[in-house]
Structure formats: structure tokens, C-alpha cells
Amino acid sequence: MRDLGSHTKDLVSAVLSYEFDGGEIDAWAIDLVRGGEFAQWRDALTDSGLFTDTAVEVIGSAWRRDPELLVDALLDGADEVSRRRLKTMRRPSLLPVHIPADRIVGFG
């Protein structure tokens, strides 16, 4: 987190790497972060008890300004291949399209 200081960056990376402990980092989760969805990650910081409410707000504001800060934190403990694959922006044509359930014929 370039604008949050190295100590904060290290703590955020440690908390979020625990969220992926033993699992593979989901490309869709990274896409959601890039789309501005990061409430679950903010909640993880809050639930960790390591950050004050003010600190979580400052971190959340930084993520809103630059979602790649959160992507970097999520990828901090990833292997090199995963990091390179997930740091590359995916083409919009490859991303899932959200269709409301009421617009799907035969749904429900």
C-alpha cells in the first residue's frame, strides 16, 4: 500500500493472506476487487482486531482510490505464476456477465 506506509501494508497483507491460507486465489475475487467490491476484505481487517475503525476507513479510502492496492495485498503471498497471472488485467469479454434472475427465461 504505497500511500499507507510499509507497516500498515505488512499488517494488511498478513491478515488477507490468512484469508487465503491453503487455498488458491480466485480470479473472480480479484475481478470483483477491480470493480470496487471490497467489503468482505474490509470486514476481514475489522474482524482481525488489529486496526482501529479510523485505520480501516483510511485503508478503505485508499482501496477506493486505487483497487490495485488491495489486489497487491491479496497477491502478496501468492506464488510467482499466480501473481503474474492475476496481476494482468483480464479482457472485459472474458469476465462474467451479471444477468438479473428475473430476466432469465425459465428461472424460478
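Odds and ends about this structure:
- Contact order for segment 29-89, expressed relative to its length and based on alpha carbon pairs under 8 Å spaced 6+ residues apart, stands at 35 percent.
- His7 versus Lys87: modelled label distance in nm, points set 7 Å from Cα along the beta carbon direction: 2.7 nm
Bear in mind these aren't lab numbers, they're just calculated from the coordinates by the rules spelled out. Just so you know, these numbers come straight off a predicted model, no measurement behind them. Note: ideal-geometry Cβ built from the backbone for every residue, glycine included; neighbour counts use all protein chains shown.
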